[in-house]
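What follows is a short report on a single structure.
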């Protein structure tokens with residue numbers, strides 16, 4: 001049984017249908033990635049899962065339980081941690097406070113241990129836990145956002161463009177941490193990325209979205225070699241007879 | 001326009017017996033009147049007859065400067081655009097022969113076409129089309145120059161074989177200064193018997209063959225279109241069909257030269273619907289695929305609409321159907337019905353017609369593939385008469401046509417004036433007319449097979465009723481003879497299937513088999529909508545095709561069609577083609593029809609599977 005399953009989700013922004021019948025599965029312990037251009041509906045899918053947005057139609061099943069229509073806090077308590085696009089840390093709270101906010105719904109005694117764990121994964125955050133989060137660099141804020149979600153002890157983490165606005169080195173570092181969290185803490189990941197190379201290197205399985213629909217799905221290994229992915233997402237097109245081809249093939253999703 | 005022709009002398013239009021002469025006359029007479037509009041980044045740019053004439057002249061003389069001789073072949077690979085038309089007329093007026101290449105053709109097809117036609121000059125639309133020809137030019141010895149319409153991304157291109165369309169016209173301008181007499185001289189040399197265009201027809205057996213269309217063939221056809229439909233200089237057309245096809249060429253290049261009407265060229269293939277709404281053409285020819293798509297657009301909008309909207313549509317169409325029934329039988333429409341129709345039209349039907357961009361059309365016409373009779377009825381009920389016509393590339397277009405004054409629904413009309421249509425052995429339709437082509441380029445045996453004693457053997461089986469109306473049955477080679485010895489015409493069943501908004505195309509199989517089966521290509525938009533509405537989970541096209549619900553949906557559509565046929569003609573099993581096809585795939589023609597032969601070969605396993613014991 002898949003950890004998370006979406007069946008035929010339709011989500012609207014006012015009259016606009018942003019997601020038009022999306023079905024997907026995330027298997028336990030996998031890193032699953034969703035690729036797609038701007039406006040394809042990737043973020044909306046994540047928001048629908050974490051109940052930040054309401055689906056007009058379809059169902060979301062988590063660990064075999066239908067969680068469609070639950071309030072966002074209930075979804076979070078079930079163990080779904082959302083790392084939003086653009087990080088969204090609380091700028092006037094300190095690093096430490098930000099992390100504790102992640103454990104807001106918890107009342108167990110392990111919070112302190114988990115805090116140490118986060119500082120372990122992100123030594124940069126441990127440098128000055130009392131610093132207001134607004135003063136952190138983009139990369140540190142991203143670490144903080146991931147750390148905050150980690151404080152929930154999530155079974156599933158929704159990562160929305162963790163590489164946004166980060167330097168290649170930092171992107172690489174974040175990718176490494178995502179991988180380690182997945183392996184060491186057995187956190188299942190649903191990763192939305194514009195950085196297709198990073199996502200496909202990291203992921204086990206991938207979906208490609210376009211105009212609110214899934215147009216392609218496969219293992220990341222096979223996606224990396226699909227012609228359309230190579231040409232449209234990885235920029236690895238055949239340079240053609242003149243050695244500088246600009247035009248693009250029509251997308252056929254095979 | 002004055003038309004004069006008879007069996008023994010060539011057609012003359014306004015005193016001109018050749019297309020170049022007629023074109024020169026139109027340019028001189030119509031001068032500042034708009035000839036062509038082309039949409040570019042959302043703006044309709046206008047080109048007058050004078051502009052048209054000038055661009056064609058410069059292009060033609062540019063080719064002369066490069067060494068074009070009479071009867072040299074020039075190929076054009078481009079979507080429909082003004083440069084296509086300018087280059088075409090430039091070539092024709094200077095005595096060359098134009099050959100259209102579909103922009104979707106693959107490099108190996110391009111190679112074949114260049115070599116088979118002996119192309120010296122090749123017009124490529126853009127970078128993409130250029131790359132295809134560059135890929136094969138090592139193996140195309142006759143090719144000398146490549147002329148590119150759109151230089152975007154090619155500014156740094158430095159290749160002695162290539163030049164831009166602008167550069168070609170600059171050459172033409174220089175050439176005109178030193179050779180002021182050449183343009184008129186070449187136009188005067190044109191004779192009715194001169195070969196003017198090559199149109200390659202997809203060979204179902206063997207490679208494509210170039211149909212040789214002469215000046216006289218085309219002038220006859222231009223006169224035929226005028227006689228059948230009446231096209232005036234006030235008419236507006238929408239240019240969207242490929243110009244490499246004889247119908248596109250006829251309607252967008254030659255009919256305007258005959259009639260002086262305006263052609264509005266779409267921005268690109270994705271903007272057709274929008275462009276059609278803006279232009280709202282007054283005369284409109286399209287292929288069945290396009291009419292089917294428009295119909296299903298409306299069906300989908302209805303499903304998304306309100307209950308009130310659907311009820312209003314139902315009532316309005318009922319009125320429209322009853323009125324159309326009277327019109328189709330050429331009876332007078334009863335007064336109450338006429339009055340009801342005025343209301344239905346004002347409240348509902350007019351809006352639908354506006355949405356589709358057919359509101360101003362005097363007539364709609366369809367050909368090039370079989371069409372479901374229900375679809376024709378639907379357009380009639382909307383208040384627009386649709387006439388089916390029949391013809392082939394090999395007779396330069398029209399052979400028979402339904403006319404506003406003389407039509408019978410279900411037939412393809414009576415033979416056009418000057419065309420003789422008869423039935424030969426096995427009820428094959430044969431045609432004799434001044435439009436019958438000179439033959440196939442460099443293929444005398446194929447020509448001798450097809451044109452015998454002046455009669456064009458069409459390969460279509462049909463019948464002719466007592467009043468002379470022609471009815472098509474099917475392609476001769478497509479007729480299925482079941483293991484039980486029953487003759488079945490697959491296209492009749494396929495047309496009914498295609499009428500379903502969920503089915504784009506179908507191929508019925510069953511030759512020498514115990515029962516009929518079919519392969520179905522679904523309409524992805526509509527079926528995805530269905531899946532969404534009915535909570536059917538799917539991810540991509542393939543998984544959509546494999547869902548139980550979609551299979552049941554299509555089976556339901558097939559059963560509806562089955563109910564209309566005799567038992568032996570019913571489909572017993574079917575399979576879905578689970579990959580989204582596009583025109584670059586072998587299975588589809590440029591007009592998005594499934595190719596029976598290719599489908600039969602490529603999906604042989606699926607077909608065999610349908611004949612295995614369950």
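Laboratory data are not the source of any read-out in this text; all were calculated from the coordinates shown. As the structure is a computational prediction, the values presented were derived from the model and not from experiment. Cβ: placed from backbone, ideal geometry, glycine included. Neighbour counts: every protein chain shown.
Hey, any idea what the orientation-averaged projected area of the convex hull of chain B's Cα atoms comes to, in nm²? The partial results should precede the final answer.
Details: hull surface 116.9 nm².
The number I arrive at for chain B is 29.2 nm².
Quick check on the exposure proxy: order B:433, A:59 from fewest to most C-beta atoms within 10 angstrom. Don't skip to the end; give the middle numbers.
Details: B:433 25, A:59 17.
Listing B:433, A:59 from fewest to most nearby Cβ atoms yields A:59, B:433.
Give the Rg (one decimal place) followed by the Dmax (whole number) of region A:117-254, computed from C-alpha coordinates and expressed in Å.
Cα only, region A:117-254: 17.8, 59 Å (Rg, Dmax).
What list do you get for A:158, B:588, A:200 if you sort them by fewest beta carbons within 10 Å? Numbers along the way, then the final one.
Values: A:158 25, B:588 19, A:200 22.
Final ranking by Cβ density, sparse to dense: B:588, A:200, A:158.
Taking every residue in A:215-221, how many Cβ atoms of other protein chains lie within 10 Å of its Cβ, on average?
Details: counts 4, 4, 4, 2, 0, 0, 0.
Other-chain Cβ atoms within 10 Å of each residue's Cβ, averaged: 2.
Taking each pair of different alpha-carbon atoms in region A:147-204 once, compute 1/r for the pair, average those values, and report the inverse of that mean as the Kirkwood hydrodynamic radius in Å to one decimal. Don't skip to the end; give the middle numbers.
Details: mean 1/r = 0.0862 Å⁻¹.
Taking every pair of different Cα atoms in region A:147-204, averaging 1/r and inverting gives 11.6 Å.
For the ranges B:283-294, B:164-175, B:557-568, what's the packing order if you count other beta-carbon atoms within 10 Å of each residue, average per peptide, and put the highest first?
Values: B:283-294: 22.2, B:164-175: 18.6, B:557-568: 14.6.
Listed from highest to lowest mean packing, they are B:283-294, B:164-175, B:557-568.
How big is the C-alpha Rg of region A:102-171 next to the rule-of-thumb value 2.2 N^0.38 Å, as a ratio? Intermediate results must be reported in sequence, preceding the final value.
Working: Rg = 12.5 Å, N = 70, 2.2 N^0.38 = 11.1 Å.
Compared with the compact-globule rule of thumb, region A:102-171 sits at 1.13.
Which whole number of Å³ per residue matches the convex hull of the alpha-carbon atoms in region A:3-78?
Details: hull volume 6.6 nm³, N = 76.
Cα-based convex hull of region A:3-78, divided per residue, equals 87 Å³.
What do you get when you divide the Cα radius of gyration of region B:386-455 by 2.2 N^0.38 Å, with N the number of residues?
Taking the Cα Rg and dividing by 2.2 N^0.38 Å, one obtains 1.19.
What is the gain in length, in nm to one decimal, between residue B:330 and residue B:466 on full extension, counting 0.36 nm per residue of separation less the C-alpha to C-alpha distance? List each step's numbers first, then the result.
On the way: separation 136, 0.36 × 136 = 48.96 nm, distance 1.81 nm.
That works out to 47.1 nm of additional length.
Specify the inter-centroid distance of region B:581-614 and region A:169-242, based on alpha-carbon positions, in whole Å.
A separation of 33 Å, based on Cα centres.
When the Kirkwood radius is taken over all Cα pairs of region B:1-156, what Stokes-Einstein diffusion coefficient follows at 25 °C and 0.890 mPa s, in µm²/s?
Details: Rh = 16.8 Å.
Approximately 146 µm²/s, per Stokes-Einstein.
Please give the peptides A:207-213, B:604-610 ranked by average Cβ packing (other Cβ atoms within 10 Å per residue), highest first, as a rough proxy for protection.
In descending order of packing, they fall as A:207-213, B:604-610.
Residue by residue through B:145-154, how many Cβ atoms from other chains fall within 10 Å of the Cβ on average? Walk me through the numbers before you get to the answer.
Numbers: counts 0, 0, 0, 0, 0, 0, 0, 2, 5, 3.
Taking the mean over all residues of the peptide, I get 1.
Eigenvalues of the Cα gyration tensor times 5, then square-rooted: what semi-axes does that give for region B:293-386, in whole angstrom, largest first? Each step should come with its number before you reach the end.
On the way: eigenvalues 75, 72, 26 Å².
Taking √(5λ) for each Cα gyration eigenvalue gives 19, 19, 11 Å.
Give, in nm to one decimal, the length gained when the segment between residue B:69 and residue B:202 is fully stretched (0.36 nm per residue of separation minus the Cα-Cα distance).
Working: separation 133, 0.36 × 133 = 47.88 nm, distance 2.80 nm.
Roughly 45.1 nm would be gained on extension.
From the alpha carbon gyration tensor of region B:150-193, can you work out the equivalent ellipsoid semi-axes (sqrt of 5 times each eigenvalue) and give them in Å, largest to smallest?
Numbers: eigenvalues 176, 38, 13 Å².
Each semi-axis is √(5λ); the values are 30, 14, 8 Å.
What is the order of A:12, B:122, fewest Cβ neighbours within 10 Å to most?
Details: A:12 16, B:122 30.
Listing A:12, B:122 from fewest to most nearby Cβ atoms yields A:12, B:122.
Taking the highest mean first, how do the peptides B:404-410, A:191-197, B:416-422 order by number of other beta carbon atoms within 10 angstrom per residue?
So the order, starting with the most tightly packed, is A:191-197, B:416-422, B:404-410.
May I ask you to derive the relative contact order of region B:139-205, considering only C-alpha pairs under 8 Å and at least 6 residues apart, and to give it as an integer percent? Mind showing how you got there, number by number?
Numbers: 23 pairs, mean separation 15.7, N = 67.
RCO, region B:139-205: 23 percent.
Above 22 Å lies some portion of the pair distances; for region B:132-222, what is it as a whole percent of all C-alpha pairs? Could the numbers behind the result be given before it?
Working: 2356 of 4095 pairs.
So the pairs more than 22 Å apart make up 58 percent of the total in region B:132-222.
Mind pulling the per residue volume of the convex hull built on the Cα atoms of region B:352-428? Å³ is fine. Kindly include the intermediate steps, with their values, before the conclusion.
Values: hull volume 9.0 nm³, N = 77.
So the per-residue Cα hull volume is 117 Å³.
Percent of Cα-Cα pairs per 10 Å bin, from 0 to the last occupied bin, for region B:326-379, please list those.
18, 44, 33, 4
Under the definition of partner shielding as Cβ atoms of other protein chains within 10 Å of a residue Cβ, what is the mean value for peptide B:529-537?
5
If each of residue A:111 and residue B:274 carries a label point 7 Å out from its Cα toward its Cβ, how far apart are those two points in nm?
For residue A:111 paired with residue B:274, the spin-label model returns 5.4 nm.
Give the angle, between 0 and 90 degrees and rounded to the nearest 10, that separates the Cα long axis of helix B:107-117 from the longest principal axis of the Cα atoms of chain B.
Approximately 50 degrees, to the nearest 10.
How far is the Cα center of region B:26-79 from the Cα center of region B:483-513, in Å?
44
Provide the descending list of Cα extents for region B:236-363 along its principal axes, expressed in whole angstroms.
Computed over the Cα atoms, the extents are 44, 36, 21 Å.
If you take the alpha carbon radius of gyration of the protein assembly as shown and divide it by 2.2 N^0.38 Å, what ratio comes out, to two decimals?
Working: Rg = 31.8 Å, N = 868, 2.2 N^0.38 = 28.8 Å.
Against the empirical 2.2 N^0.38 Å value, I get 1.10 for the protein assembly as shown.
So if I average 1/r over every pair of distinct C-alpha atoms in region A:19-146 and take the inverse, what Kirkwood radius in Å does that give?
Working: mean 1/r = 0.0607 Å⁻¹.
Answer for region A:19-146: a Kirkwood hydrodynamic radius of 16.5 Å.
Please compute the Cα-Cα pair-distance distribution of region B:133-287 with 10 Å bins starting at 0, giving whole percents from short to long.
The calculated distribution, bin by bin, is 8, 24, 34, 28, 6, 0.
Percent antiparallel among DSSP beta bridges with both residues in chain B, to the nearest 5?
Values: 47 of 84 bridges.
Here the antiparallel bridges make up roughly 55 percent for chain B.
What is the calculated FRET efficiency for residue B:559 to residue A:56, with r their C-beta to C-beta distance and R₀ = 25 Å, to the nearest 0.05?
Values: r = 32 Å, r/R0 = 1.30.
Given R0 = 25 Å and the Cβ-Cβ separation, E is 0.15.
Across region B:452-587, what fraction of all alpha-carbon pairs, as a whole percent, falls in each successive 5 Å bin from zero upward?
P(r) for region B:452-587, in whole percents per bin: 2, 9, 17, 18, 17, 14, 10, 6, 4, 2, 1, 0, 0.
Report D for region B:337-482 in µm² per second (integer): Stokes-Einstein, Kirkwood Rh on Cα pairs, 10 °C, 1.306 mPa s.
Details: Rh = 17.1 Å.
The calculation lands on 93 µm²/s.
Over all alpha-carbon pairs in chain A, figure out the percentage whose distance exceeds 31 Å. Show your work: numbers first, answer last.
Details: 8086 of 32131 pairs.
When all Cα pairs of chain A are counted, 25 percent exceed 31 Å.
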